[in-house]
Amino acid sequence: MRRVTAFNLFAIVLGIVFLYLPIVILVIYSFNASRLVAVWGGWSTRWYGELAGDAAILDAASISLRVALVAASLATLLGTLAAVALVRFGRFRGRLLFASMIYAPLVMPEVITGLSLLLLFVALAIERGFWTVVIAHTTMAACFVTVIVQSRLVDFDMSLEEAAMDLGAPPLRTFLTVTLPLILPALAAAWMLAFALSLDDLVIASFTTGPGATTLPIRIYSEVRLGVKPEINAVCSIFIAVVCIAVLAASLAAKLTAARGAPTRLRTGDLSRLDAG
Amino acid sequence: MHSVGAKPGSAPAAGTARALLCIESLTKRFGDFAAVDRLSLDIRDGEFFALLGPSGCGKTTLLRLVAGFERPHAGRILLDGVDLAAVPPHRRPVNMMFQNYALFPHLSVEANVAFGLKQEGLPRDEIAGRVADMLALVKLQHFAARKPHQLSGGERSRVALARCLVKRPRLLLLDEPLAALDKKLRDATRFELMALQRQLGLTFVIVTHDQGEAMIVADRIGVMESGRLLQVGAPAEIYERPNSRWVADFVGEVNLFAGRLGDDRLSVEGTAAGRLRLAAPVAAEPRTTLWVAVRPERLRLSGDQPAAGEENCVAGTVAEIGYLGDVSVYRVRLADGSLVKAAAANSGGAPAPRPDEPVYLRFAPDAAIVLTR
Ligand SMILES: Nc1ncnc2c1ncn2[C@@H]1O[C@H](COP(=O)(O)OP(=O)(O)O)[C@@H](O)[C@H]1O
Ligand SMILES: [Mg+2]
């Protein structure tokens, strides 16, 4: 057990305050009765009520959620396949190029990703809207998925797959009955991350969206430019709640899998590696 | 080939049994390094075969080639006369018990054992019945619902074994199945393995680097070194008639005396122990260099002076004594400074020699193993 000293207690408190104070303030102000953002007028749930009548915001939220669900799922599928290829196929021709191409979006400025996708869609004369945002977000999130799943596959005990094949399971069934259940927590974490990335993306979405597909961050940003409205605070608070619940669910799922006997846990290393990107 | 000291209830008389597995001049390279090097071997139906060799000699690689996880660069593997080259691992009627057991961590003991039968698409009740029988056989019926991480090392090894056996494979490959167990458990499991093999009438190939283990369990032993088979034979044959210095030294303890064959072909001259007399003439040119190997337990140690003209008697002084309880191991320094190992049972009688005492080592001519390489 590590000892709790005055210093690391201080460090933890400072870190939490730094990370969460702005969010806490935002949540508190979403319950502000006053219309003026900087003036506290007592507690009220008024803005949540008004939000229910704001069709533009609700529409944007629904689009954002749908984009995030589809993009996260597609990114998890593609990213996992790429990770399997990188870890399992050993040294194939062009592996280095393939790996760097997968990792490039991690460090690529979003403006460039967005602009290049925009040029692509224009060149191919694809009408911009819901699906172009989905494609863009899938592209962006897939590389994060690959990194997470790859780090799990690298220390996956290959003899488990060999044992399954030895006992008569063909390769695909081996993957589905042995590999997949064991890497599921990593896939869940990857999906969650992709979901969150898509949900809060503003830059790429603004390049690739079209009429009728305004995502929530775009809507919020455009409204805030005309001055912060209390409804926006309420939207953001709901947003935060959704993300918190999703993250809790993912870590709970990982815990349950671990309790069922899988030695794999969501490791903080999987995610902290991403900070470099 | 004649079999020496066949075990009771073991495979039918050696030589008459059919070969189940034929390995023909098999080679597997990793880069430039040959892990298995032009290796040929026949495994007979129903036998318990041990592959014995030091760590890194290619034992696991050989098993993985047979199981289908590695592709050979040259050579063939035939099972029941069928070439396995084009058969993927999941279609080979061969099962392997992995060195680390490779139990599925997300499945219960029962589901682990049932896994192989499910792949065969058997009816549900038959699977349940066979799994229950197998769990009873390896005495794990009370652990059926547990996960592998809730088991001890010995229990895990039995799950791994049960998972293979329940498939009733033609050939079971066991990669150091006992290496991870402590000594007492290892001894017990070893006898369980032998009993199971006999009871089920299966063919076992066990890999081990422990020569004692190989001698106990196997009908035949293949001694491997650097990817090659040096000698194949019954345990007693390997121990009493090793075909090279390397085998003699690896299988048990041995004292080696280098010398030249005498003109009568019945003696070896110029060794550290002087002129040594052999029991039978050697089929080699006189004066060729060869080695006389004598096992420590075949050396008699005493303080009695040699009689006039006595042969195979060497003088030395006791350098070290290792007391093991039932036996003591003596290291005796000869006149030229070399050390010789001798083992003597502590069965009372004559007082045991003490350090720095002058002693004489004697051995019968038939205790001398003559080696030409
Ligand atoms: N996948 C591999 N790649 C490269 N070298 C390997 C591989 N597998 C085994 N080797 C090498 O082949 C040799 C034999 O290994 P192995 O069959 O595992 O030995 P053993 O089981 O007898 O200890 C070792 O020197 C090992 O380093
Ligand atoms: Mg090995």
With all protein chains present, how much of the accessible area of segment B:174-312 (probe radius 1.4 Å) comes from carbon and sulfur, to the nearest whole percent?
50
For B:A319, what charge total do you get from the other residues with a beta carbon under 9 Å from its beta carbon, if Lys and Arg give +1 and Asp and Glu give -1?
0
Can you pull the one-decimal nm distance between simple spin-label points at B:A188 and B:L324, each 7 Å off the Cα toward Cβ?
2.4
All lysines inside 28 Å of B:K341 as judged from Cα atoms, apart from same-chain residues fewer than 8 positions distant
B:K183, B:K184
Taking the Cα centre of chain B as origin, sum charge times position over the Cβ atoms of Lys and Arg (+1) and Asp and Glu (-1), and report the length of that vector in debye to the nearest 20.
1060
First measure r as the distance between the Cβ atoms of B:C22 and A:L120, then evaluate 1/(1 + (r/R0)^6) with R0 = 41 Å and state the FRET efficiency to the nearest 0.05.
0.10
Using the beta-carbon distance between A:S34 and A:A55 and R0 = 22 Å, what value does 1/(1 + (r/R0)^6) give for FRET efficiency, to the nearest 0.05?
0.35
May I ask you to order B:40-49, B:351-360 by the average number of other C-beta atoms within 10 Å around their residues, highest value first?
B:40-49, B:351-360
For n ≥ 4 DSSP H runs only, could you compute -39500 (n - 2.57) per run for chain B, divide by its residues and tell me the 222 nm figure to the nearest 500?
-6500 deg cm²/dmol
Positive minus negative residues near B:R228 (Lys, Arg vs Asp, Glu; Cβ under 9 Å)
-1
If packing is taken as the average number of other Cβ atoms within 10 Å across a peptide's residues, how do B:268-276, B:29-37, A:130-138 rank, most packed first?
A:130-138, B:268-276, B:29-37
Would you please classify the overall shape of the protein assembly as shown from the alpha carbon gyration tensor, given that a ≥ b ≥ c denote the square roots of the eigenvalues, rounded means a/c under 1.5, and beyond that prolate means a/b larger than b/c while oblate covers the rest?
prolate
Among A:G79, A:G168, A:G53, determine the one that fluctuates most according to a GNM of chain A built with springs between C-alpha atoms less than 10 Å apart.
A:G168
Cα-based shape type of segment B:81-228, given that a ≥ b ≥ c are square roots of the gyration tensor eigenvalues and the cut on a/c is 1.5
oblate
Quantify how strongly other chains surround peptide B:78-91 by giving the mean number of their Cβ atoms within 10 Å of each of its Cβ atoms.
2
Computed on Cα atoms only, the convex hull of segment A:61-261 has an orientation-averaged projected area in nm² of 13.6
Net charge near A:G212 (other residues with Cβ under 15 Å of its Cβ; Lys, Arg +1; Asp, Glu -1) is +1
How many nm is it between the label spots at B:D249 and B:S338, if each spot is 7 Å from the Cα in line with the beta carbon?
1.2
Calculated FRET efficiency, B:H73 and B:R373, Cβ-Cβ r, R0 45 Å, to nearest 0.05?
0.95
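The values are calculated or read from the model by the stated rules, or taken from the named source; none is laboratory data. From a predicted model like this one, the values you see are computed outputs, not experimental measurements. Cβ: placed from backbone, ideal geometry, glycine included. Neighbour counts: every protein chain shown. We work out accessible area using only protein heavy atoms, side chains counted, and drop any ligands, DNA or RNA first. Shrake-Rupley method; radii C 1.70, N 1.55, O 1.52, S 1.80 Å.
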